[in-house]
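Notes follow once the structure below has been shown.
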Amino acid sequence: MDIPVYVVAGFLDGGKTDFINGILQDGFAQKDRTLLICCEEGDEEYDKNALKNVEVVTLDDEEQFTKDELRALEKKHRPRQVLIEYNGMWPFERLNELPANWILYQIMTFIHAPSFEVMSRNMGQLMMEKIMNADMLVFNRATPEVAAALRKRNLRMVNRRADMYIEYEDGNSENYLTGDECPFDMTQDPVEIPDEDFGVWYVDAMDHPEHYDGKRLRMKAIMCHSKKYPGTYVPGRFAMVCCANDTQFLGVVARGDALGKYKNRDWIEITATCKKEFFEAYQGDGPVLYVESVTPCDAPKEEVVTF
């Protein structure tokens, strides 16, 4: 029998236990036997009144989280569903130990918003892993200032599929992005895209090409001639989303005869008018740069974009 598994991940003070108590109180486990695996000891406790149909097991040593141990728990408790409060310091690779019939349905990541910047600097790979793999991402206990800083980071680039929310100290919550934000001063002509913010512009332009429709832009990029779409120019930048092994090329369709004289990986500075147009590679509408001028340039101080 297949057993659905729901993982609640994140770091201490992120609000994982509060969330689990909330869904248990709402009747998550009222009909089906639930196995709740706790992988760390936090400050909060589970609501005993919500555990009538729930078996709670603690596996706070990573070496305990094995297929054999999980199969033994299944045999002993015969759950119809499994809820895991996952230790944020453990890599998600450990989830490969789930038995074959344990089907991972959803990963929910909770982050203490005021600590995000410090944790990103001190354990960036673990933090980005939790964000990249989330199906739902919640930043808890935010102030308006912290929320603005989180939005400026444009973490949608790290995970474009997750539902993302910011929850404030007063308990109110809202979507991470409202759809109205534009991270650049659009009164400029041309709008300057700073070297360090190319990734922010790329994500915003892909998500909201209407922000830049008809606007003149200036930016530095690496020249790229598309192999998949011969004759198409796709200047862009390399971006490191999580770690050095996770580098992606962020390319934008561009038109202009002057681009043809540049070779792959030449650094160029482009001034172009951006149009919102359909292109097959975008699978819909996206930004297309109509280049007015292009000149060779030096590489930026940081050649690889980070988030």
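The values are calculated or read from the model by the stated rules, or taken from the named source; none is laboratory data. Note that the structure is a prediction, hence the values are computed from the model and not measured. In this analysis, Cβ positions are derived from the backbone assuming ideal geometry, glycine residues included, and neighbour counts consider all displayed protein chains. To get the accessible areas, we keep the full protein, side chains included, count just its heavy atoms, and leave off ligands, DNA and RNA. Shrake-Rupley method; radii C 1.70, N 1.55, O 1.52, S 1.80 Å.
Observations, loosely collected:
- Of [x] 23.1, 71; [y] 23.1, 78; [z] 24.6, 104, the label for Rg and Dmax of the Cα atoms in Å derived from the coordinates: [x]
- Our estimate of slack between W267 and D189, defined as 0.36 nm per intervening residue step minus the Cα-Cα distance, is 25.8 nm.
- For the peptides 278-289, 190-201, the ranking by mean Cβ contacts within 10 Å, running from highest to lowest, is 190-201, 278-289.
- Accessible surface calculations at 1.4 Å, restricted to protein heavy atoms, place segment 193-277 at 45 Å² per residue.
- Simple Cβ-charge dipole of segment 121-162, Lys/Arg +1 and Asp/Glu -1, about Cα centre, in debye nearest 20: 140
- Just checking the listed ones, Y290, Y176, Y229: in the Gaussian network model of the chain with Cα springs under 10 Å, the one fluctuating most is Y229.
- Alpha carbon convex hull of segment 204-307, projected area averaged over orientations, nm²: 6.7
- Phi angles across segment 284-292 convert, under the Karplus curve 6.51 cos²θ - 1.76 cosθ + 1.60 with θ = phi - 60°, into 3J(HN,Hα) values of x, 6, x, x, 10, 8, 9, 6, 9 Hz, Gly and Pro given as x.
- In a reduced charge model with +1 at each Lys and Arg Cβ and -1 at each Asp and Glu Cβ, the chain shows a dipole moment near 1220 debye about its Cα centre.
- Rounded FRET efficiency, nearest 0.05, which uses the C-beta distance separating E62 from E303 and R0 of 41 Å: 0.65
- Split the accessible area of segment 93-247 by element, probe 1.4 Å, and carbon with sulfur accounts for 47%.
- Basic side chains Lys and Arg get +1 at the Cβ, acidic Asp and Glu get -1 at the Cβ, and with that the dipole of segment 1-159 about its Cα centre reaches some 620 debye.
- Against the main long axis of the alpha-carbon atoms of the chain, helix 67-77 sits at an angle near 50°.
- Ellipticity estimate at 222 nm from DSSP helix runs (n ≥ 4, -39,500 (n - 2.57)) divided over the chain, nearest 500: -5500 deg cm²/dmol
- Of V118, V54, V294, the one that fluctuates the most in a GNM where the chain has Cα springs shorter than 10 Å: V118
- Segment 26-52 and segment 231-291 have Cα centres spaced 49 Å apart.
- Site pair D285 and D135 shows an inter-label distance of 3.1 nm when each label is modelled 7 Å from Cα along Cα→Cβ.
- Here the spin labels are modelled as points 7 Å beyond Cα on the Cα-Cβ line, and at K227 and N53 they lie 5.4 nm apart.
- Net charge of Cβ neighbours under 10 Å - reference M223; Lys, Arg +1; Asp, Glu -1: +2
- Here N101 and Y46 are evaluated by their C-beta separation; at R0 = 30 Å the FRET efficiency comes out at 0.70.
- The local environment of A134, defined by Cβ-Cβ distances under 13 Å, has a net charge of +2 under the rule Lys, Arg +1 and Asp, Glu -1.
- Additional length obtainable on full extension of the chain from D207 to M123, 0.36 nm per residue less Cα span: 27.4 nm
- Tilt relative to the chain, helix 198-207 - C-alpha long axis, 0 to 90 degrees, to 10: 80
- All Cα pairs of segment 99-153, percent lying beyond 14 Å: 60
- Note on R153 and D32: the model spin-label points, each 7 Å out from Cα along the C-beta direction, lie 3.3 nm apart.
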